[in-house]
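Structure record follows, encoded as structure tokens.
The values are calculated or read from the model by the stated rules, or taken from the named source; none is laboratory data. Since the structure is predicted, the reported quantities are computational estimates derived from the model, not experimental observations. Glycine also receives a Cβ, built like all others from the backbone with ideal geometry; neighbour counts cover every protein chain displayed.
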Amino acid sequence: MSEKEDTVLREVREDSYFILLLINEDKTEVKLKFVELEPGADVSQTTIRDILDEAGVVYGVLSNGIKDLVEQISEGTLEASEEEVYSIAKGKSACHGEDGRLDYLVDPSPDEVHFDLDADEVIDYKNTNLIQNVMEEQHLATLIQPEDPENGIDVFGNTINANEGVPLKLKLGSNVVMDGDKLFAQCGGRFIREGEELSVSGNYQVRGDVDLTIGNVNFVGYVNVTKDILDDFAVFGKEGVEVGGIVGAATVESDTKLIFNGGMNGKGKGFARCQGSIESKYLNEVTSISWGDISIAKSIMNSTVKTKGKVDVPNGSIIGGEVSALMGIDVGVVGSDLGTMTSLIAGQDYELEDRIKAFESQLLEIGHEIDRIDRIIGPILANKDKLMSLPLDKKKAIKGLLEQLKHYKEEQGRIRIESEALQKESAKVCVKEIRVRKILYSGVRITIGNCKKLIKMEIKGPVRLREDQENDTISITNLTL
């Protein structure tokens, strides 16, 4: 809105000059416009003060400004025209109280996407910044109270009343509490402002697909996707992720649970990780890692599945790939009549197995080093005369090799003890059993505990497969369901 023009307060016309007093809208400043009509106009400070008095101006008169103005008129140096104005009185403007407001420590989640630039200053279209995560008990904002107003005085000596600041209208929604003037989150979730209401939601719903309009999702609460997660997108929901449609070649992770109502078609790149349970219609060409049970309605095909829980596919099939479950496997059909390479592992903790394999690799390397040192120093140590005749530097080198040999053997012993301890730990809580309800096709590799078996003939179910340590094999017995 443009400022209003000054209005005329008083006009004074003499033979040799013309004076015009102007006043602004809130009456806090008087300006003088001087036009010389004849050379040598005689204007004194008293003249200007008398004009101000006649106009009723009693406050904020600028004595020095008037003095300078009169001197310039007298010396003929004043810019005298109808465009030039000079301030000769100033009041005090009212200082209105500032309205109450919120000082945000965390910005509420936006309604529109905002793209970031990556390290190469290229727009990252999958990072839309639609979610502003907050944690439980996090300080969200501070309420700033309205500031006190300060009245002003106009040039006529009148008080200019200042408006008081208006308190902020604020409504606390779900999971937001106030302690004094501070607002805190009662749970982890998405910080939202809708009108006057502030809330924290533990749920984030994607109404449609996870695509470029949504971007990757990283949420500390529960994520619900009503349709699909498209290829190459990533979704993390700390408290769980549920997908109404199909998950493509995407990455989906949670600390609690994953539910894929339409299944997951990973195309060799899909990855699902959960510290809790996983439920899906099917898994196809997926790598899936879980700490809890994995329940599949139809099939696991050409996938790598590892869990510390149980794998349940009682009415479906496992065809191709590898499925490993610490707490056993229950499945309808395993393999196919085409002899598709399929591996089932029961009663093994995949994490401990990986550590044991790492230990075995270390033992192999240490064994090679021990053999190398033995080959060097063995013949020398066997011949005492040869050893005694060696120069001092060679003897020092032999001593160094002996110290290395001692270190390697100690390390070898330590790693063997740790490896054995891990194997005992993995055997404490496990179910060394696989149930096949319908058909176990030939070509399937079975590992239960430390025993392995290659199925060479088709077996009709229901059957139970268990570890037979005495005979170092796997027993297969009929099962009544």
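One line per residue, one yes/no per condition, for (1) under 19 Å from Val286 (Cα atoms); (2) touching a Leu at 6+ places or on another chain (Cβ under 6 Å); (3) assigned to a strand (DSSP E or B):
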residue	(1), (2), (3)
Tyr204	no, no, yes
Gly208	no, no, no
Gly215	no, no, no
Val223	no, no, yes
Ile259	yes, no, yes
Lys267	yes, no, yes
Phe271	yes, no, yes
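Looking at region 136-166, which of its residues are under 27 Å from Gly237 (Cα atoms) and surrounded by 12 or more Cβ atoms within 10 Å (Cβ to Cβ)?
Glu136, Gln138, His139, Leu140, Ala141
Which condition from (1) surrounded by fewer than 24 Cβ atoms within 10 Å (Cβ to Cβ); (2) touching a residue at least 40 places away in the same chain (Cβ under 8 Å); (3) over 24 Å from Leu212 (Cβ atoms) is the one that Leu326 breaks?
Condition not satisfied by Leu326: (1).
Here are Lys298, Lys281, Lys306: which of them is in contact (Cβ under 8 Å) with a residue 40 or more places away in the chain, part of a strand (DSSP E or B) and of a type in the set (Lys, Arg)?
Sole residue among the options that is in contact (Cβ under 8 Å) with a residue 40 or more places away in the chain, part of a strand (DSSP E or B) and of a type in the set (Lys, Arg): Lys306.
Note down all Cβ pairs under 6 Å where the first residue falls in region 358-372 and is touching a residue at least 12 places away in the same chain (Cβ under 8 Å), the second is exposed (fewer than 13 other Cβ atoms within 10 Å of the Cβ) and of a type in the set (Lys, Arg), and they're at least six residues apart or on different chains.
Close Cβ pairs (under 6 Å, with a partner that is exposed (fewer than 13 other Cβ atoms within 10 Å of the Cβ) and of a type in the set (Lys, Arg)) do not exist here.
Test Leu21 against the stated conditions and say whether it is surrounded by 12 or more Cβ atoms within 10 Å (Cβ to Cβ), closer than 26 Å to Asp154 by Cβ and in contact (Cβ under 8 Å) with a residue 12 or more places away in the chain.
In short, yes.
For region 424-457, give me each residue that is loosely packed, with under 14 Cβ neighbours inside 10 Å and part of a loop (DSSP other than H, G, I, E, B).
If the condition is that a residue be loosely packed, with under 14 Cβ neighbours inside 10 Å and part of a loop (DSSP other than H, G, I, E, B), then Val429, Asn450, Lys456, Met457 are the ones that fit.
Does region 443-453 hold any residues that are farther than 26 Å from Glu420 by Cβ and modelled with pLDDT under 95, and which are they?
Hit for region 443-453 is Gly443, nothing else.
Just need a number here: residues in region 24-53 that are outside any loop (DSSP other than H, G, I, E, B) and either in contact with a helix residue (DSSP H, G or I) (Cβ under 9 Å, 6 or more places away or on another chain) or not hydroxyl-bearing (Ser, Thr, Tyr) (or both).
16
Keeping to region 132-148, report how many residues are closer than 24 Å to Val113 by Cα and among the β-branched types (Val, Ile, Thr).
1
Scan region 260-282 for residues that are farther than 15 Å from Leu230 by Cα and crowded, with 20+ Cβ neighbours inside 10 Å and report the count.
Residues that pass the stated criteria total 5.
Mind listing whichever residues of region 389-408 are surrounded by 14 or more Cβ atoms within 10 Å (Cβ to Cβ), closer than 13 Å to Glu369 by Cβ and free of Cβ contacts under 8 Å to residues at least 40 places away in the same chain?
Passing the criteria: Leu401, Gln404, Leu405.
Only one of these is closer than 30 Å to Gly309 by Cβ, in a helix (DSSP H, G or I) and not acidic (Asp, Glu): Leu352, Leu381, Leu364, Leu405. Name it.
Of Leu352, Leu381, Leu364, Leu405, the one residue that is closer than 30 Å to Gly309 by Cβ, in a helix (DSSP H, G or I) and not acidic (Asp, Glu) is Leu352.
What residue, of Thr28, Thr47, Thr77, is among the hydroxyl-bearing types (Ser, Thr, Tyr) and buried (at least 19 other Cβ atoms within 10 Å of the Cβ)?
Thr28
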